[in-house]
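K.L.:
Here's a structure for you.
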């Protein structure tokens with residue numbers, strides 16, 4: 001069986017919906033005739049009609065929207081839309097110059113940066129408004145590429161009104177993953193879906209070209225409400241009472257206006273009817289870290305069209321605070337607000353995008369006014385720190401100047417910062433002070449016990465595979481009071497405990513009512529044997545597409561689904577979901593993984609070669625292609641693939657380890673040592689140190705091997721093999737005292753490991 005690393009692409013993918021407009025159609029209602037579409041009896045599918053159709057009846061809402069950042073999310077390069085000063089002085093970056101100009105023919109950027117030679121680029125569209133505005137250039141193959149030179153649209157008093165480079169500290173050269181011509185800057189894939197209405201990517205895999213289109217430039221009314229033709233039909237209906245949904249397929253509002261009532265016995269308001277999850281999930285289409293898995297724009301469930309990320313280590317701090325650019329959804333799901341039924345429109349005007357009330361009044365809609373006092377805030381009124389959002393929704397800068405608020409609305413925990421190294425709101429302002437100082441200040445002011453147990457401590461320990469966290473992880477998974485996204489993440493972390501029989505804890509979670517719990521359980525099922533994975537078969541009929549396709553991916557190649565019609569349908573849904581993103585290497589790599597499972601090795605090879613043609617620097621594709629070649633006895637080709645990748649990514653621990661193992665198999669241990677050393681020196685994988693130490697031992701360098709193992713044992717990440725190897729090497733050199741010391745250390749870490757008793761008996 002070929003070892004295959006499947007990479008789940010959690011990028012913002014962009015795909016279209018059911019109705020296509022002309023390529024790069026300009027803002028407005030479009031070229032279609034709405035009345036003709038509506039009155040055509042043969043037209044059974046709801047059609048997009050454009051935001052201009054809404055303004056007659058919805059004047060205030062249309063006016064709010066017209067001034068909003070949503071409306072201006074993407075615009076043509078007209079003077080009234082362009083914020084950047086194209087008469088400004090050139091922008092210098094790592095010794096290279098970028099010039100800006102406004103010619104009669106249009107706006108241009110001339111740069112000798114990030115190209116093999118100087119280039120003059122015509123600009124096609126603005127992208128964003130505040131706090132920065134980017135610009136897109138159109139290439140002949142239909143690609144719209146975002147440029148790394150952006151205009152800071154903040155006031156000059158705030159440091160704005162200037163050009164800046166998004167990667168100011170990096171010298172990006174041609175071929176780099178962040179080069180502006182690379183797929184990472186391709187707006188057709190990455191961005192435009194959330195900056196237009198009814199976007200269709202229209203990528204041609206054969207020619208590697210795009211014919212992208214949209215109904216309306218900018219985020220129009222129908223981006224949220226869905227296509228409006230049936231609503232217009234409803235307005236013309238003589239008996240409007242026959243359709244309580246008013247012609248809409250999507251219901252974004254609740255029926256009652258009296259949704260919240262203050263409770264005399266508490267400091268908070270209580271919702272009088274359930275919150276509208278549809279609204280939250282509608283916003284999540286763009287305000288979440290996710291990948292698109294279906295082209296439909298009016299699906300019943302969010303996860304019918306998207307696969308969201310969980311609180312993954314690369315995206316969130318262990319306590320759930322935002323780390324990478326994850327937008328708002330994953331954070332909000334952690335909040336008590338989400339649990340109590342708060343929706344986006346409780347705080348934000350959905351048409352202007354602005355908060356409904358400025359200052360603390362927004363929170364005081366529900367919370368007791370006593371909280372707006374120095375006794376609670378520990379700051380004087382109208383000073384920084386006295387506003388609810390300062391402490392409970394701190395900001396993190398992305399794209400240099402874009403301050404995003406953390407929507408988990410958490411209590412500041414500098415005490416967690418001391419133990420976990422996580423940020424906290426206190427020290428974001430008091431940067432000259434320690435987290436211990438911040439903890440002491442809160443202790444002085446607060447009589448309540450605010451240092452309550454937090455799931456972040458369990459997740460942090462479980463990320464490091466610490467054996468002592470396993471029981472706490474199981475407890476967190478089974479705690480129904482914890483947010484579903486937290487529990488789902490905890491379930492996913494069970495894969496870090498291969499010596500534990502955690503599969504028994506998964507069976508009942510597969511039928512959990514919360515779709516995120518089911519998703520996390522599927523992620524944990526990745527390491528199950530084919531026999532154990534039989535319990536996944538019912539999920540092929542799950543009501544939400546994301547679950548069905550994940551189950552199909554895991555069950556592919558398993559005899560249990562042979563001739564299973566549910567699997568056939570779900571498998572097709574999975575392949576369709578990857579074809580949507582076939583302009584990126586991760587999707588092609590995923591399809592190759594499916595082909596390997598089904599023993600279609602020729603197909604797998606072709607897919608991986610295509611992935612590397614698109615993105616030569618995509619390491620999982622190189623690694624998996626090398627594995628495929630090795631499994632089919634093409635060792636030389638395997639080595640060539642790894643060496644080609646190493647030429648541009650010589651510091652990659654994975655690539656260095658892969659090439660070292662090839663040299664070992666080729667009986668060239670001496671040559672492998674330097675690559676093993678490079679991999680181990682990364683310091684992020686005890687396993688790499690383990691392999692390096694074994695190689696040193698084989699060379700007779702036992703003392704060096706033990707030093708490397710001791711270094712690995714001190715790493716935060718737990719690896720049982722390190723401890724076993726230390727004990728074995730100590731016994732080889734007749735150091736029973738040292739072996740006993742290592743045995744004692746291992747016993748303290750994981751006394752329940754079955755291997756411990758076996759190793760102990762050898763003593």
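K.L.:
For the condition crowded, with 16+ Cβ neighbours inside 10 Å and touching a residue at least 12 places away in the same chain (Cβ under 8 Å), what is the one hit in 377, 400?
P.N.:
377
K.L.:
I'm checking my understanding of the structure. Among residues of the range 53-83 that are more than 32 Å from the chain's Cα centre (by Cα) and part of a loop (DSSP other than H, G, I, E, B), which one is surrounded by the fewest Cβ atoms within 10 Å (Cβ to Cβ)?
P.N.:
Of everything passing the filter in the range 53-83, 80 is surrounded by the fewest Cβ atoms within 10 Å (Cβ to Cβ).
K.L.:
Just name the residue that is nearest to the chain's Cα centre (by Cα) out of those in the range 186-206 that are closer than 20 Å to residue 610 by Cβ and in contact (Cβ under 8 Å) with a residue 12 or more places away in the chain.
P.N.:
Step by step, filter the range 186-206, then rank; the result is 190.
K.L.:
Do we have any residue at all in the range 105-124 that's modelled with pLDDT of 95 or more, within 27 Å of the chain's Cα centre (by Cα) and closer than 18 Å to residue 214 by Cα?
P.N.:
no
K.L.:
Which of the residues spanning the range 589-625 are surrounded by 24 or more Cβ atoms within 10 Å (Cβ to Cβ) and over 20 Å from residue 552 (Cβ atoms)?
P.N.:
Once the filter is applied, which keeps residues that are surrounded by 24 or more Cβ atoms within 10 Å (Cβ to Cβ) and over 20 Å from residue 552 (Cβ atoms), the range 589-625 yields 608, 611, 621, 622, 623, 625.
K.L.:
Among (1) touching a residue at least 12 places away in the same chain (Cβ under 8 Å); (2) in a loop (DSSP other than H, G, I, E, B), there is one condition residue 370 misses while meeting the rest; what is its number?
P.N.:
Evaluating residue 370 over (1) touching a residue at least 12 places away in the same chain (Cβ under 8 Å); (2) in a loop (DSSP other than H, G, I, E, B) leaves (2) as the failure.
For every residue, the table says whether it meets (1) surrounded by fewer than 19 Cβ atoms within 10 Å (Cβ to Cβ); (2) within 20 Å of the chain's Cα centre (by Cα); (3) modelled with pLDDT of 95 or more; (4) within 19 Å of residue 331 (Cβ to Cβ).
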| position | (1), (2), (3), (4) |
| --- | --- |
| 460 | no, yes, yes, yes |
| 464 | yes, no, yes, no |
| 479 | yes, no, yes, no |
| 489 | no, yes, yes, yes |
| 504 | yes, no, no, no |
| 536 | no, no, yes, no |
| 543 | yes, no, yes, no |
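K.L.:
Can we say residue 570 is more than 25 Å from residue 205 (Cβ to Cβ) and in a helix (DSSP H, G or I)?
P.N.:
no
K.L.:
Still on this structure, I have one more. Condition check: on the phi > 0 side of the Ramachandran plot and assigned to a loop (DSSP other than H, G, I, E, B). Does residue 431 satisfy that?
P.N.:
In short, no.
K.L.:
State whether the residues of the range 548-559 include one that is in a helix (DSSP H, G or I), farther than 25 Å from residue 490 by Cα and either at pLDDT 95 or above or touching a helix residue (DSSP H, G or I) at 6+ places or on another chain (Cβ under 6 Å) (or both).
P.N.:
Checking the range 548-559: at least one residue is in a helix (DSSP H, G or I), farther than 25 Å from residue 490 by Cα and either at pLDDT 95 or above or touching a helix residue (DSSP H, G or I) at 6+ places or on another chain (Cβ under 6 Å) (or both).
K.L.:
Sort through 359, 320, 296, 330 and tell me the only one that's touching a helix residue (DSSP H, G or I) at 6+ places or on another chain (Cβ under 8 Å) and surrounded by fewer than 17 Cβ atoms within 10 Å (Cβ to Cβ).
P.N.:
One residue alone meets the criteria, 296.
K.L.:
Looking at the structure I just gave you, is residue 620 over 30 Å from residue 741 (Cα atoms) and not in a helix (DSSP H, G or I)?
P.N.:
No: the conditions fail for residue 620.
K.L.:
Scanning the range 691-718 for residues that are under 19 Å from residue 756 (Cβ atoms) and buried (at least 18 other Cβ atoms within 10 Å of the Cβ), which turns out farthest from the chain's Cα centre (by Cα)?
P.N.:
709
K.L.:
Against the definition (in a strand (DSSP E or B), in contact with a helix residue (DSSP H, G or I) (Cβ under 9 Å, 6 or more places away or on another chain) and in contact (Cβ under 8 Å) with a residue 40 or more places away in the chain), how does residue 133 come out, yes or no?
P.N.:
Here the answer is no, as residue 133 does not meet what is asked.
K.L.:
Of the residues 163, 180, which is in the same structural domain as residue 147 (by TED's automatic domain parsing) and over 22 Å from the mean Cα position of the chain (by Cα)?
P.N.:
Result: 163 is the single residue among 163, 180 that is in the same structural domain as residue 147 (by TED's automatic domain parsing) and over 22 Å from the mean Cα position of the chain (by Cα).
The values are calculated or read from the model by the stated rules, or taken from the named source; none is laboratory data. Given the structure is predicted, the values throughout are model-derived calculations rather than measurements. All Cβ positions, glycine included, derive from the backbone under ideal geometry; neighbour counts span all protein chains shown.
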